[in-house]
Structures are given as C-alpha cells and as structure tokens.
Amino acid sequence: MKGVKAAVRGAQETLGFDSPSHMKGLQVFIADIRNCQTKEQERQRVEKELSKIRQKFATPKTLSGYDRKKYVWKLLYAYMLGYEIDDTGHFQAVELCSSPKFTEKTAGYLATSLLLADNNDMVRMIVNSVKTDISSGNEHMAALALNTVANIGGPEFADNLFTDIARLILSQSGSLSPYIKRKACICLLRLYRKENDGLQPEVWSPKLAALFNEQDIGLLTSASGFMLGILEMGKFPAPAWSGVVVPVCQSLANLVQGICPEHYEYYHVPAPWLQSKLLRILQFFPVTTFDAELLHRLNLILQSILAKPSSQRSPAPVQQGGPKRRTKVDAERQNRSNAEHAVLFEAMNLMIHLEDTADPETTKTAAGLLGIFLSSTDPNIRYLGLETMARLASNLSTHEYLDRYKNQILDKMHETDISIRRQALNLLYALCRPENWQQIVDQLLEILGGSDNLLQEELVLKIAILAEKNAKNIGWYVDVVFKMLESAPDAVSDDVWYRVVQVVTGFEDGPSEAEQNALRRHAASKAYQNLSSQRAAHDTLLRLAAYLIGEFGHLLPQSVTPRAKFEALHRHFQRGSPQTKAILVLAAVKILNANHDALKGEVVGFLKEIQDSADVELQQRAVELLQLSRDEDSLDQVLRPMPPYAESVQKNNPLVQRLKFSAKNRAHTRAELEEAAKSEGGMYKPGRSKSESDGRIMELPDPGRPKPAPPKAQEASASESSDSEEDAAPAQSNGAAGGQTPKDLWSQLCIAPQGRFYTSPQLVLEMKQEYNAATGRLTILFVNSAKAPIGNIRVHIPQVDFLRVQTFSEVPSSLKPGEQATHLVQVQCLRPFLQPAKYLVEYCTAPGAPPQQLPLLLPAVVSKFITPAQVQMGQFRQFFETLTGPREMVLDGQAKAQPNQWPNYLGKGFNMFVLPESGPTAAFAAGTLNTATPDPAQPEKMMTVPVLVRLQYDSGRNLVRLIVRTQHPEVTNALAKVMQTYLMSG
C-alpha cells in the first residue's frame, strides 16, 4: 500500500500537482459560501473575497505562482456562481498559462477559456504559450493548450495557430497519440469555421483518409466532426474530398458488424454518434462518386442497419389510469430508442440520397418502418418519420409503398404540434399527383380555414402549386385560388395572385387562343361574381379581381354591361389600400378603352374626383390617365393587352422557388441552413428564394423574354414581379465570363460581393469583397488557367486622395499551370468620389514575350461604403424635404430595371434600407455613407453622410425618376451617377 501511495506522489510531483491541502484558502472560501443562509450573505462574502483579491493583484510582484493559482480558482468559483468579476485577474490568468507547473498552467488555461471571449485583446497574449505547449512533447501540456484553443476559437487563434495545430495532423511522425490527434481535430474544426482558407483538398484529403483508418473510436468521432465541418462550409465541392469515401465506408462497416470497444457502446448500440456522422458524411458526395463495388457495400450496410430489431419500432403500450411517474427503466428505454433511431434515420437519409442505386428491398423495408413511426407515441419520432417519408416520396417509384398511409398522414394535419402538421403537409405535397390531387387539395382546403396563422401561408402556397400542376382543367386552379381568398385571404400573398395573372394571361406554345380565351372568360367571371357579391372584399381579392376584369372584362357575357363592370370596381374603391386603388383606377380606364362611348362620362368623372386626392401617387396617375383618355388612339396603344409570357416562366413556377429544401438530399451547407433560418417554416418569405442562397445577388432583365410595349400600364409591373425569380437572368456571382468584357465584370462586382474580375486564356482573376462601414477588404485570387507558366507578374495600385489603399500580401512573380495566389487589399473611404481607383496588372505569357497590361479598376465604388439606415416613413419625409438645392439631384430616363427589381438593387446592390411603404410605382431607401476621416467637431468620431433616395415610375411611358438627396453635394452627385448606371437606360 505504501508503494502505491509513493507512486501517486511521484506522479503528482512529475506533473506538478499540489496536494489538495495546500489550497486551504480555496476550501475555506467554498465552505463559507455553502454555509451562507441567505443570498445577501453569499453576496457579501463574495464581494469581500473579490475585494481582497483585487488588493493582492494590485501588487503582482509580491505574488507567487501558488498565490496566483489560488486566487484565480477563487475568481472562477465566484464567476461560476454568477457574479460579475469584470477584468479582475485576467492578466494573472494569462501569466499562469506560461508557468512550468502543470497545476498553475491548468488554472491559467481554464480561466482564460471561461473568462475571455474570442475578440478579447488579451487572447493574443497567450498565443506564444499555446504554441510552446503544443510543441513541448508533453501530452498533458499540449492537451491543456488545445482545449483552450477549442473553447475560445476566434480569428486571433485562427491566424496564428492554425498552421501549428495542422502540423500535428499532417506530421508523418507516429509519436503522437490518438488522444492528441483527437483534440487537434476538434481545434481545427473550430478554427476552420472562422478562417477556411488554410485547407487544400489535395493536401488534406489523404491525411483525413488515413485518420479514418485508425481504430480509436474517439479519434474517429473527432475526425468525422472535422470532415463534416469541412463539407458543411462548402468552400470546396464535395468530390474534391472523395479520397475519404472508401475509409469512411470501411469504418461504418466495422461499427455495423459490432467491431467496437464495449465502453463505446451506448445501450448496446455501437458508437451511435460516430455511425450517424459517417452516414451523414456520405450524403454530401454525389452518387457518381461511388463505384459499383462501393454501392454494393453501402447497400449491404443499409440492409443490416434497417433489419436490426429496435426498442421503439412498435408503439409503446398506453398507460392506464392517468400519467405515471417516469422510472429509470423508462429513461433507459428512451435513451436506447434515441440512439437506435439516430442511426436508423441517417441510414434512411443515405438510402434516399442513393436514389435508384439503392436496393428496392431496402427501400420497401424503409417505407414499412416509416409507416410504423407514424403511430409512435414519441412526437419526435412521428416528426422525423413524416419528414423522412416526404423526401422518400420525391422518388415516384416509392409511392406504391407510401399511398397506403395517406389517411394516417391526413390525420396528422390535426395534431396540436405545428411542426408535425407542417411535416404532414410536406408529405402530402410530395405524394400528390394527377390521380389523387383533387382529394388531397379538397382536404387541405377544408383544413385551411381552421388552421392557425403560422401554417396558413404555407398551406396556401402548396395548394396553389398542386392545383396548377395537377388540374386537367386549369379553370379548377382559378377556382381553388378564389376559394383560398374566401377562407384565408390574409394568407394569400402577392406571389400567389401574380401567378394566377401569369397563368390566365397565357404562355408561349400554350393552348390555342380559343381555349385560352375560355380560361380568361372563366377567370373574369369569377372575379366579377366575387366583387358583386361581397360588400367588403379583402384587399388581395380586390387586386386580383380588378386586374382580371380590367384585362379580360371584354370577354364577359353581354349580359354583364360595361356599367356593371365599372360599378363592381367603383363600389370597393374607398376600402382599398393605395396600391389597390391604383390597380382599380387602371382597370376602370381599361374598361373605358373597350367601351369608350358607354362609359366615358362615368370614368372621366371618376378620374376627376381623384385627381385632387391627398395621395400624390394616385393623383398623378389620375391626371395622366385623364389626359390620355382624350385621345382614343393613344389610349388604345398604351393599354393594349399583355403578350404571352415566355415558356420558361411556365416551367419555372416562382412559387416553387419559395419552398425550402425541396431536394431529396438532407446534406446542406451552413450557408444554406442560415439562409433558410431567416424564414420560419418550410418556405421563404415573399421576395426571397433559394436562388438568393446560391449567391445570386441582382436580377437583370432577360433579353430572351418578349417585352410588352413600353407604355404598358401599372398592373403589368405587378404581374411581372411574380416571375422575376425565374424569368430574370440573375447576375452570376461566379463571374462566368462568356462574352463578357472586363467592363461588364467590373460593373457586376460593383453591386455584388464576389465574382469574376478578369478572364483570359492565360490568367483568371476572381474577387471577394467584404465591407464594414468605411473599410473594405478585397481578396483577389490569381489563377493560371493556361498549360504553361506565366511570369513577371506585377500589380500596381496608384495612390488616390479619396481612398486609403493598403496591401497585406504580395502577388508572386510567377504562377505554374493551375497554380493560384491571393492578393489582399484593404481600402478605406476618405471622402466621396466618382472615379474608382485603378488596379494595374502586368504579366508575360512566355520568356521574352511582351508584357500583357491590364488597366483594371477596383469595384470599390462609393455605394460600397453605405450602410442601411432604418427609418420610419414620417422621418424619411421630414428629412427628405429639408435636403434641397445643391444637395439634391434629380435624374429622369427610360427604366432599365423594372420596379419589381428595385428592392434588390437598393437593398443588396447599393446597401440601403428599403422602406416597407415602397411599392410598384415608388420606392424609398435610406442609408449612411461612412468615411475614415475624423469629424472636425468630434475628432473621436468619423464623418458620416445621411443618404435618402426616392424612385418614381411612370408606367405609361416606362420612365423612371431618380431623386437623391444627401447632406453633401459631392455625395449626391457620385451616388446618383452610380445608381443611374443600373436603373436607367442610355
């Protein structure tokens, strides 16, 4: 026994452990806290101790390492009790990190982990200590340092330690234990999420593959988490990491076969967390990555997982006599169920990802299990069962297995949990097809009226999509939309009625003119019936009905007189919103155009009434239309019918683009998940779509679409806004330069955060821009795209007085074929400017060849240094009226961007806040131009300039008026010229 105690003491001395009795002060402090009778006594005791510690730390030279450690432990205890300790002891904790004693180093690293945030300036003070300990060869010291890095993370550690920690994994030496490698992987994952430029697949893929060949389950779990983090960040395409696929499959096969240490089994499930991660990693790789042999192995693995017995695949018996207290047996059963189902659902996700290459028997087994899960007593299992079944249903060949559960799924639409109802809706949407669509849509319409607001809008969206997609007679689709306007009018967004307008107007290569006119007549009749029968129609119904009557009212039966059509619109005029009134006025004039003699008196009188309206926009519209009505030829020319929409608009329903994650795959990057999280539920908010998360920043008109006559009336812009997601050609963030000049590429980068900067057969430049107030960081990637090296590369940025330009890396003088290099440039706005700074590049394609000179411009235009300013409409108008004279610039011209595209340009291109009162005829935006020039009145602050913008649209002549007002004439002039380039033609 004495020998054992001596060995323990020796180990403690070697590691630097002190005897617990040596920190009696800490033990007394803890005992005093525990003996406090009230919260006030505890607070007084803690404050007394903190005051004592502050006095001790005021004279640090007199403190020993032991004293520092003891007082830091006391601070940590007080901190963990919830007391604010300010920055007391931070420096002392940092000092302890460099101590040679293990116990002091432990206290220092633990304190910094808990007390310092990743942006604290003191973090950089422990970088050297961490580097020293990582390379010390002492596993215990290295583990402490790695724990601290993983807990704090942050850009300081990412910049200074990523290479050192990466060396632990990349090193060929076999001296490192799995324990250290495990911690290194966790650290790299944390740092990679902050700075992901340090990993290259060609270097790291073989090393990560080697890690997956290890036998240590802890190391495999850490490596799996690191690999998942890399794939989720999406910096490189998944196939670039295909070298890990085979070892991942082998590790998974070993676990499924039960090759796992007993202490890693969780309720008899071998390492369930590791199995789940391995299955998830495989879902990121395209099916084409797997060869025939690997697919065979994967199918065997999936069959083995799905065939295993489970503790909760049948519903638990219902307890009699009311709720029963949860026992230890119940808890163990639940824990085992969670572990089994975690693996089971990820296996099903991988099977769905494999699509037709998955074994049909496995798919059938999975469908049967999912059907059982619908009856589970655990709501989490029901939710996951519905969610998985919905993605499985995207494969039409599985419908024969899933149709039998249709009634069960409809029952889930009445669950109290909205998340389960939402997943049931997703599944019904996936199962719907021409054979059963009417039953499903009718059931959903019944549910719609009684559904809560959180689900109604998603119900409306999916009902509209299903009706349009499956109805043999498109008139049914129109009827369904009008039914939704009766049941839940508040949930019918503008996108839905815009789509009705598109469908009723027709598409190129659509039905014959006679069939299309029959649909138009039916839609106009429904609109007339609704307006005639309702005394207070909803605003959305008014907009749709007014558009249909105005555009297609001439197709109504002769029994419906022109006067009756006009009265149906006029009786609802006073209840409409300003935007609705605008559509009603235009619809009335269209009826006048078709029946000039019969309605001239009524409509002209109506226009004269509203030409004195308090609403300036409505007043202007009335005056213009009144003037136009005096010339029948001009009126007929301006208000001629809309042409059919392009076939691409028909195929690409903008409503479908609002659905989140409609693909089968459940493996998404963090950027996709963050974008989806901005909108609740299973759809994006109106005006947002999946295309935005793909880097599409700005929508520009598609020249392939036939445009309506320039004088097309205002309701056209309303209908066009619905197809902007599909039938507009978004600016490519990757800068695909087919046929694009450097000027085109530069112009696009002025309104987008990243893209192609220059392209040629030899050299390609890509740019990524990040702006924070007056400072911008530009990362220019040089890529040698030729098969021969290029040399004599030089970059020169001439100094200008309006920008402060700094470079943080140099471009190499030569690039080998396929080689890349990064040039980092920081710019700071000093004052307003119009002409951008130059970026002059020179290179040679061959030795002795004349240099190629590229006189490029940096896309750091004045609008890049604007930040949104959120203001109310009243504040906007009040301040807008005060900024006149030389601080105002008014520009008129032909509209280059239609009003439905203005929010994207103003909000994302010019970085302003778009006021919610903006509409199809006017837009309002506010921002602040930031500079790095000190304010003479307040030298501690930088000068800023408020910016206000107003856009007005004249639909009759397709004219746009741009009004820019700021406090500085130079800002006004520069910003107006930049905006004019994108919003006006010529």
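The values are calculated or read from the model by the stated rules, or taken from the named source; none is laboratory data. Bear in mind that the values here come from a model prediction, so they are computed numbers and not experimental data. Backbone-built Cβ (ideal geometry, glycine too); neighbour counts: all protein chains shown. Heads up: the accessible areas ignore ligands, DNA and RNA and are worked out on the full protein's heavy atoms, side chains in. Shrake-Rupley method; radii C 1.70, N 1.55, O 1.52, S 1.80 Å.
Across segment 333-363, the qualifying residues are those that are out of contact with any Leu (no Cβ under 9 Å at 6 or more places or on another chain) and of a type in the set (A, V, I, L, M, F, W, C), and the one among them that is least open to solvent (accessible area, probe 1.4 Å) is ALA339. Checking each residue in segment 907-920 for being touching a residue at least 60 places away in the same chain (Cβ under 8 Å) and open to solvent by less than 10 Å² (accessible area, probe 1.4 Å) picks out GLY909, PHE910.
The rows are residues; the columns are (1) assigned to a helix (DSSP H, G or I); (2) surrounded by 13 or more Cβ atoms within 10 Å (Cβ to Cβ); (3) β-branched (Val, Ile, Thr); (4) without any contact (Cβ under 8 Å) to a residue 12 or more places away in the chain.
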| site | (1), (2), (3), (4) |
| --- | --- |
| SER251 | yes, yes, no, no |
| LEU255 | yes, yes, no, no |
| ILE259 | no, no, yes, yes |
| HIS263 | yes, no, no, yes |
| LEU274 | yes, yes, no, no |
| LYS277 | yes, yes, no, no |
| ARG280 | yes, yes, no, no |
| PHE285 | no, yes, no, no |
| THR288 | yes, no, yes, yes |
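Within segment 408-440, track down each residue that is under 18 Å from LEU459 (Cα atoms), open to solvent by 30 Å² or more (accessible area, probe 1.4 Å) and more than 32 Å from the chain's Cα centre (by Cα). ASP411, GLN438, GLN439, listed by residue number.
Per-residue answers, yes or no, for (1) closer than 30 Å to GLU458 by Cβ; (2) in contact with a Ser or Thr (Cβ under 8 Å, 6 or more places away or on another chain):
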residue	(1), (2)
ASP509	no, no
GLU513	no, no
ALA545	yes, no
GLU551	yes, yes
GLU567	no, no
ARG571	no, no
ARG575	yes, no
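Where helices (runs of 4 or more DSSP H) fall entirely within segment 614-700, those with at least 1 residues that are closer than 28 Å to TYR982 by Cα and either at pLDDT 75 or above or over 29 Å from the mean Cα position of the chain (by Cα) (or both) are at 616-628, 632-638, 647-651.
Being among the charged types (D, E, K, R), buried (at least 18 other Cβ atoms within 10 Å of the Cβ) and under 32 Å from the mean Cα position of the chain (by Cα) is a property that GLU766 has. Evaluated against (1) outside any helix (DSSP H, G or I); (2) open to solvent by less than 60 Å² (accessible area, probe 1.4 Å), LEU369 falls short on exactly one condition, (1). With respect to (1) touching a Phe, Trp or Tyr at 6+ places or on another chain (Cβ under 8 Å); (2) under 27 Å from ILE583 (Cβ atoms); (3) open to solvent by 20 Å² or more (accessible area, probe 1.4 Å), the lone exception for ALA923 is condition (3). Only one of the numbered conditions (1) open to solvent by 50 Å² or more (accessible area, probe 1.4 Å); (2) at pLDDT 85 or above is not met by ASP330, and that is (2). Could you pull out the residue among GLY234, GLY225 that is touching an Asp or Glu at 6+ places or on another chain (Cβ under 9 Å) and either surrounded by fewer than 23 Cβ atoms within 10 Å (Cβ to Cβ) or aliphatic (A, V, I, L, M) (or both)? Matching residue, one of GLY234, GLY225: GLY234. Working only within segment 837-852, note down all residues that are part of a loop (DSSP other than H, G, I, E, B), open to solvent by 10 Å² or more (accessible area, probe 1.4 Å), of a type in the set (A, V, I, L, M) and in contact (Cβ under 8 Å) with a residue 12 or more places away in the chain. ALA846 - this is the single residue of segment 837-852 that is part of a loop (DSSP other than H, G, I, E, B), open to solvent by 10 Å² or more (accessible area, probe 1.4 Å), of a type in the set (A, V, I, L, M) and in contact (Cβ under 8 Å) with a residue 12 or more places away in the chain.
Can you name the residue in segment 885-906 that is small (Gly, Ala, Ser) and surrounded by fewer than 19 Cβ atoms within 10 Å (Cβ to Cβ) and is also nearest to PRO654 (Cα to Cα) among such residues? Result: GLY893. Under the condition of being of a type outside the set (Phe, Trp, Tyr) and touching a strand residue (DSSP E or B) at 6+ places or on another chain (Cβ under 8 Å), the residues counted in segment 742-751 number 4.
Residue check: is ILE152 touching a Lys or Arg at 6+ places or on another chain (Cβ under 9 Å), more than 30 Å from TYR192 (Cβ to Cβ), among the hydrophobic types (A, V, I, L, M, F, W, C) and surrounded by 16 or more Cβ atoms within 10 Å (Cβ to Cβ)? No; evaluated as a whole, the condition is false for this residue. With the requirement that a residue be open to solvent by less than 60 Å² (accessible area, probe 1.4 Å) and either outside any helix (DSSP H, G or I) or touching a residue at least 60 places away in the same chain (Cβ under 8 Å) (or both), what does segment 155-194 give you? Within segment 155-194, SER171, SER173, LEU176, SER177 meet the criteria.
Looking only at residues in segment 467-500 that are crowded, with 18+ Cβ neighbours inside 10 Å and closer than 24 Å to ASP417 by Cα, which one is farthest from the chain's Cα centre (by Cα)? Taking the candidates together, the pick is SER487. Between ARG68, ARG54, the distinction of being of a type outside the set (Asp, Glu), open to solvent by 40 Å² or more (accessible area, probe 1.4 Å), modelled with pLDDT under 90 and in contact with a Pro (Cβ under 9 Å, 6 or more places away or on another chain) belongs to ARG68 only.
Highlighted here are the helices (runs of 4 or more DSSP H) found entirely within segment 484-588 that include at least 2 residues which are in contact with a Lys or Arg (Cβ under 9 Å, 6 or more places away or on another chain), of a type outside the set (Gly, Ala, Ser) and under 27 Å from GLN650 (Cβ atoms): 494-505, 539-552. Restricting attention to segment 413-461, which residues are assigned to a helix (DSSP H, G or I) and among the small types (Gly, Ala, Ser)? If the condition is that a residue be assigned to a helix (DSSP H, G or I) and among the small types (Gly, Ala, Ser), then SER419, ALA424, ALA430, GLY449, GLY450 are the ones that fit.
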